[in-house]
Structure formats: structure tokens, C-alpha cells
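Written out below as C-alpha cells is the structure these notes cover.
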Amino acid sequence: MHRSHFLAIAVTAACATFAHAEPASMLPASNPFAKPSTLPFQYPAFDKIKNEDFAPAFAEGMRQHALEIDAIADNKAAPTFENTIVAMERAGQLLNRVSTVFSSLVGANTNDTLNALDKDLAPKLAAHNDRIRLNETLYKRVQALYDKRDKLRLDAESKYLLERYHTDFVRAGARLSSADKEKLKAYNTKIAALQTQFSQNVLKEANASALVVDTRAELAGMSDKAIDVAAAEAKKRGLDGKFVIPVVNTTQQAPLSVLTNRATREKLLATSLARGSHGGAYDNRNVVLDLARARAERAALLGYPSHAAYMLEDQTAKTTGAVNSLLAEFARPAVNNAKKEAAEIQKAIDADGNASGKFQAAAWDWNYYSDKVRQARYAFDQNQLRPYFEFNRVLVDGVFFAATKEYGITFKERKDLPVYDPDVRVFDVFDVDGKQLAIFLHDPYARANKRGGAWMNAYVGQNALLGTHPVIANHLNIPKPAAGEPTLLTYDEVRTMFHEFGHALHGMFSNVKYPRFSGTRVPRDYVEFPSQVNEMWMAWPEVLSNYARHYQTGAPMPKELLDKVQASSKFNEGYRTTEYLAASILDQSWHQLGATAIPSDVLAFEADALHKAGVDFPLVPPRYRTTYFSHVFSGGYSAGYYGYLWAEKLDADTVEWFKENGGLSRKNGDRFRQLLLSRGGTMDAMEMYRNFRGRDAKIEPLLERRGLTGE
């Protein structure tokens, strides 16, 4: 997942730390945001940043930015590309500095003070953004330039920047009447506040909701060390003598694959599924209804039939019809595959001599018995892999090794730069010519004050206009082992490390002129494409053999185990595709509603939407239910969760290209870097893809990957 699409900061044209003269500042020089950081590449001075520094920096940042925008709008000189578009690209330095750090820390290392400020800032930043995008005088300058864009003799990137600015203003409501602009401002303020409320409810609920059991026996199947961690968690919560299993953001929970006590499994999944919908302070049902209504009404004001229609117009999919067709194309074969997998799971249940009585498979049984099916079919289970996936070896000898082989870049860890948590690691990244390319932060472990999931963000984005270089971070949520114990990863956690580093490469390889186009600032349904491509190297033989070594003996993963991993690559794909499709369909169902069609019962609407789409298979609940679906109700993926599948079509076709051209090589990596990763958002995304591939992507490689070609 890519974090910058979750940032609702006001400086939509400013994605890097800037390097031009700012207006006279009213911020004390002692505030760490008053001036650009003096650390390498303007790396944030985390050791100097305190909670109380943010509010005054935001206030002054918005004040300065407003002055800069007013100066551009009120310029008596005729509008030129330099005095209008480039000037906006240079504006908002202070606000951008504080926004990038604050947004990341709210996700990765929050506290009550930051949460309160986040809630307070959301409507203020929305209003500040409106003040820019709904400035009629400023829009007239942009429109005047847009009307004569073919006569300005601009280079291709500059012309595209002008076109994007014009689109941004129009989509933000610049053409509305004065009265409608006021209505739009009210909607934007309300939506920002509701999104923040949803996000905070999800985090608080995740910390409050947990499975609490009384005995070790109820956690049978978990390792003794994992049960000890559960006991320590209970003690920390004032529940001495009990055991606590916290929930993570997805519907499925990792312990479900090992817990032998069926009643415990059922309770754990029920706890997960109930989040945000069982009453109490963190119930998100009314937040969802208010947010869906506000988004739909705002879309209607802007001239669109739904929020989804508004959002998709600016993506590569373009229309709700295109998205609905994609999801429908996968729904039937995915569910059919899941039902076949369910039949195999039922056979495993019936054959389980340790089960207390025979029973029909339920959703809480799937992970536990699918591992048994895997073991029976391929003679291995996922836990056999973990000793070969020690975290540091995966990072250095896997993720970094593949990047060096493919792109020639190298990494050197450094300990002298400050971090916001002791577990965060920092690396200098060097290009082929030996010059430093970027700084990379890696934040691997789950924390109570860290949101769920995995994501990338840029503290500093590359751009030639301001001469800035990338400072990029990856964030994961790997459970932290007890002190002195190794961090052994699951297969999916290894995949996630390669995936998120694909986003990081997209940010680090950026080679653009303007901040607006830096790194991953591309359409949302395209942004996952490069990161998904990077997943291919996790199982590439040369890479896997370099990092998949036993954490105690250093012995390589046995070939027979590796062969079993490869043979089982399509195992459980029916389940994986169905749970993803169900979540994507919920996203579209909510956001394709018109302003007068918002329901009154969240859970009833959810059930009906899944039924109508043919994905209401009880054994496969959605990857996210509505009330904890942060991607779409508090992040930047509203009407966009389909984008993972949309991007995977490009990814699967690109993997075929790599295989056809010799796989992991500098020649292939350099082409991918030059034609895709370095280009940021400087041109139409699908044109960029065609320049690389020589044609549009075909669907067949994706169908083959997901085991759906037989349908």
C-alpha cells in the first residue's frame, strides 16, 4: 500500500521540501519546522520534533502559503507559465515540511496529542485547500494559460503540468457559482472531519478489541512463546492471569491458522468481524452513512452521478462501467474456485481424528484446515518456511540484493540520523555511479500507536525544480518477538516487504522536474503496479537462494521445500481473490450510490451488495468489512480499492515481459527504471505503460496467475 495517497494535506501541488525564499516567518526559530532540516537530504530532525511544535507550524504554514497564493493570483503582470504554474509549484514550503512529518507520525507513531490535533486540523486543511482551488482570480490565470497551451512552446512535462493544474482546479469546483462554492466548502470540511473520525475509531477499536481467554489450553496450537506474549499483553491491560490476542486490521487473523480450539477460533473471528459495528464509542456505522451521503452529495454538486464516477474519471479506469466489468469478470470463477477449495477443507475436517465431533466448515475454520490441505497435497505447511525467513536476511540478502542485481544500486546502514522509534533503521542508497541517490527508512514492527497494514511514504520527494532528493520510508506491521528472539516471517510478510520496497523504488528512482509529478504521484489505480512487479523477485531462484537460509544453521532452504512452495503458488487463490473482490465490491457499492440512495442500515446494505454481486460466500468474508475499511473511508482509496486488481493486470503482463527477456538483469531493470519508475506522473499512465510494453496489457497472464483459466 502506498501511503501518500492517504495524505489529505492542503499543499496538493507541493510534494517536496522546498528551497526558495519564504515569506517573513512568525514562527520562532527554535521550532524545528521553521527552516528546512540541515540533515542530509533534508532528513527530518526527529530528535528535535515535539508534539507542541506541530500546531504553530501548521498555523504559520497555512498563513504563509495563503500569502504566496494571493500574490500569484493578484499579480498585475499577465499570466505566464513561470509566474503562475511554476510559482504554485514553489509555494507552501513550511506547510509541506510540517505536513509530511505529521502525516507519517500520525500513522506510524501517534499519541493522544497528535490524534487530537489531527482531528482539529482536518477541517482547517480542507478549508485551506478550498481557499486555493476555489480562488476565482487564480483559476482565471490557469484557464488563460490552458487556452493557449499549444502556443506556449512548453516541453512535454511542462505542458502536462499545465493540463494537470487545469484539471485539478476544475475537479475541485473552480467553475461553480459562488453559492455552490460555499456548499462545496462545507462538504469538504465535513468529509475531512468524518474521515479523521473513522480512522481514529478504527485505531482505538483495534487497541480495545481483542480476544481475551482464561486459560493456556484455549490457545493450544500457538507456540509457548506466543502464548507468553499473550499473557504479557493481558498483564499490560490489567488482566493478570488471562491471555489477550489483539486483532490486526484485516478480517482474518494470523492465529486462526494454528489455533486447535475451534471455539477460540470462532471467538477470534467474531471479534474481528464485529469491529466498528457493535455499539459503543468506536462504532463507525453512523460515520459511514454520513460520509457516504456527504461524498455523494458533493459529487452531485460537482455534476457527477456518484462519488465513484467523480473519482474514477481521473484514474486510468475512467468509468464505473469499466471497474464493474473487471470485478464481474473475476467474481464467478473466483467464487467457484473458493467453493472447490471449501470442499477440500470439508474433507480435511471429516478426516481430522483430533477434531471434537464432525462439523460443517465455517469461516473461522478456513485458515486452520487450509494449511492441513496444503500439507496433505504438497507435504508442507507455512510454518515450515518461517525458519528460513529471518527478517534481516530477507531485507538485506533478499530485498536489497534483488535491487542491486536489477538496478545496480547499493545500500549502507547508518546509525547517526535520529529516528522516532528505536526499531526504525536508516540506509543510504547509492546509485550505479556511486553518488547517493536517496535515504531509506525501514519501520518493521507493529505497535499499539501505529495503524495497521503496510505502506510507503516520502518525507522528501525528488524534483529538479527545487533540487531535492528522496527520503523514503517503508512501514510494516510484523509482530515483534520477545527480547532476544529472532524475527521469523511468514511467506505473506516476505511478499509484503518486496511489495512495499517496490513503492520505495518508485519514489527513489523519480527523475522529474516538478514536485507535482514526483515519485508515486500517479493515478491511484496505477500506483500499485510497480510495487506488485517487485514481488516477483521474492521467489526468483537467484534471489530466494540468497536469503532463504535457516536462521540457526545458515543452511539454504531445501530444494524439495522450495519446489513445494512453487507448486502450491496457486493454492487458496479462490479464497484470496474472493475476499479481495468482496471488499472491492463493497467499496464500489457504497460509492456508486446517488445522493438520495444512501441506506439506513450499514450491515444490511453490505449483505445485500455482496449477494447481488454473487460473492456472498459465508466461508469467505470480505478482506475488510465496511466499518473497518480504512482504505476507503479514511484513506485515499475511496472508490479505488479495485486498483490492486487493475494494477495486477499490468503487473502480470510485465512479469511475462521480464521472463521473455531473461528475467533479473541490469538491462531489464534499466529499461523498467527509465521508462516507468523514473517518470513519476509526467505523462498519461497508460501511455507510459505502452511505451514500456509496446502494447496494452493482456488479461491472460493474470487469469493464469490466479488459477482462473479453467473457468
Check your understanding: Within region 171-184, how many residues are under 27 Å from the mean Cα position of the chain (by Cα) and surrounded by fewer than 18 Cβ atoms within 10 Å (Cβ to Cβ)?
Key -> 1
Exercise for review: Restricting attention to helices (runs of 4 or more DSSP H) lying wholly within region 87-175, give those where 3 or more residues are in contact (Cβ under 8 Å) with a residue 60 or more places away in the chain and in contact with a strand residue (DSSP E or B) (Cβ under 7 Å, 6 or more places away or on another chain).
Suggested key: 93-108
Point to revise | Number of the condition not met by THR627 [criteria: (1) assigned to a helix (DSSP H, G or I); (2) without any contact (Cβ under 8 Å) to a residue 60 or more places away in the chain] | key: (2)
Check your understanding: Just to be sure, is SER545 free of Cβ contacts under 8 Å to residues at least 40 places away in the same chain and closer than 27 Å to ASN572 by Cα?
Key -> yes
Review point. If the Cβ limit is 8 Å and pairs must be 6+ apart or interchain, which residue in region 199-219 that is more than 13 Å from GLY241 (Cβ to Cβ) pairs with which residue that is assigned to a strand (DSSP E or B) and among the aliphatic types (A, V, I, L, M)?
Key: ALA210/VAL244; ALA210/ILE245; LEU211/VAL244; LEU211/ILE245; LEU219/VAL213; LEU219/ILE245
Review point. Regarding ASP314, is this residue in contact with a helix residue (DSSP H, G or I) (Cβ under 8 Å, 6 or more places away or on another chain) and either part of a helix (DSSP H, G or I) or closer than 30 Å to ALA548 by Cα (or both)?
Key: no
Review point. Does region 490-520 hold any residues that are over 30 Å from ARG164 (Cα atoms), of a type outside the set (Val, Ile, Thr) and surrounded by 23 or more Cβ atoms within 10 Å (Cβ to Cβ), and which are they?
Key: MET497, PHE498
**Study point:** PRO387 in contact (Cβ under 8 Å) with a residue 12 or more places away in the chain, touching a strand residue (DSSP E or B) at 6+ places or on another chain (Cβ under 9 Å), in a helix (DSSP H, G or I) and buried (at least 16 other Cβ atoms within 10 Å of the Cβ)
**Key:** yes
Exercise for review: Name every residue in region 646-660 that is hydrophobic (A, V, I, L, M, F, W, C) and either more than 23 Å from the chain's Cα centre (by Cα) or surrounded by 22 or more Cβ atoms within 10 Å (Cβ to Cβ) (or both), in order of residue number.
Suggested key: TRP646, ALA647, LEU650, ALA652, TRP657, PHE658
Review point. Which of the following residues is surrounded by 21 or more Cβ atoms within 10 Å (Cβ to Cβ), farther than 30 Å from ARG295 by Cα and either among the hydroxyl-bearing types (Ser, Thr, Tyr) or in contact (Cβ under 8 Å) with a residue 24 or more places away in the chain (or both): GLY663, GLY643, GLY681, GLY669?
Key: GLY669
Check your understanding: Is it the case that SER510 is of a type in the set (S, T, N, Q) and without any contact (Cβ under 8 Å) to a residue 40 or more places away in the chain?
Key -> no
Practice item. Identify all residues within region 577-617 that are touching a residue at least 60 places away in the same chain (Cβ under 8 Å), surrounded by 20 or more Cβ atoms within 10 Å (Cβ to Cβ), part of a helix (DSSP H, G or I) and not polar (S, T, N, Q); write none if there are none. Key: GLU579, TYR580, LEU581, ILE585, TRP590, HIS591, VAL602, ALA613
Check your understanding: Looking at (1) within 24 Å of ASP397 (Cα to Cα); (2) touching a residue at least 40 places away in the same chain (Cβ under 8 Å), which is the one condition that is false for PRO422?
Key -> (2)
Point to revise | Which listed residue is closer than 22 Å to PHE633 by Cα and under 26 Å from the mean Cα position of the chain (by Cα), from ALA281, ALA270 | key: ALA270
Practice item. From VAL522, VAL620, grab the single residue that is over 30 Å from ARG386 (Cα atoms) and part of a loop (DSSP other than H, G, I, E, B). Key: VAL522
Check your understanding: Does region 186-200 contain any residue that is closer than 30 Å to VAL258 by Cα, aliphatic (A, V, I, L, M) and surrounded by 14 or more Cβ atoms within 10 Å (Cβ to Cβ)?
Key -> no
Check your understanding: Of all residues in region 458-503, which are hydrophobic (A, V, I, L, M, F, W, C) and without any contact (Cβ under 8 Å) to a residue 24 or more places away in the chain?
Key -> ALA483
Exercise for review: All but one of (1) surrounded by 17 or more Cβ atoms within 10 Å (Cβ to Cβ); (2) among the hydrophobic types (A, V, I, L, M, F, W, C); (3) part of a helix (DSSP H, G or I) hold for LEU417, so report the exception by its number.
Suggested key: (3)
Review point. Within region 392-414, can you find the residues that are of a type in the set (Lys, Arg) and in contact (Cβ under 8 Å) with a residue 60 or more places away in the chain?
Key: ARG393, LYS405
Exercise for review: Among residues belonging to region 420-450 that are over 24 Å from the mean Cα position of the chain (by Cα) and part of a strand (DSSP E or B), point out the one that is surrounded by the fewest Cβ atoms within 10 Å (Cβ to Cβ).
Suggested key: GLN436
Check your understanding: Can you tell me which residues in region 553-592 are in contact with a helix residue (DSSP H, G or I) (Cβ under 7 Å, 6 or more places away or on another chain), aliphatic (A, V, I, L, M) and closer than 16 Å to ALA328 by Cα?
Key -> LEU581, ALA582, ILE585, LEU586
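Quick note: the coordinates plus some simple rules give every number you see, no bench work behind them. Predicted model only: the values in this text are computed from it and were never measured. Neighbour counts run over all protein chains shown; Cβ positions are idealised from the backbone, glycine included.
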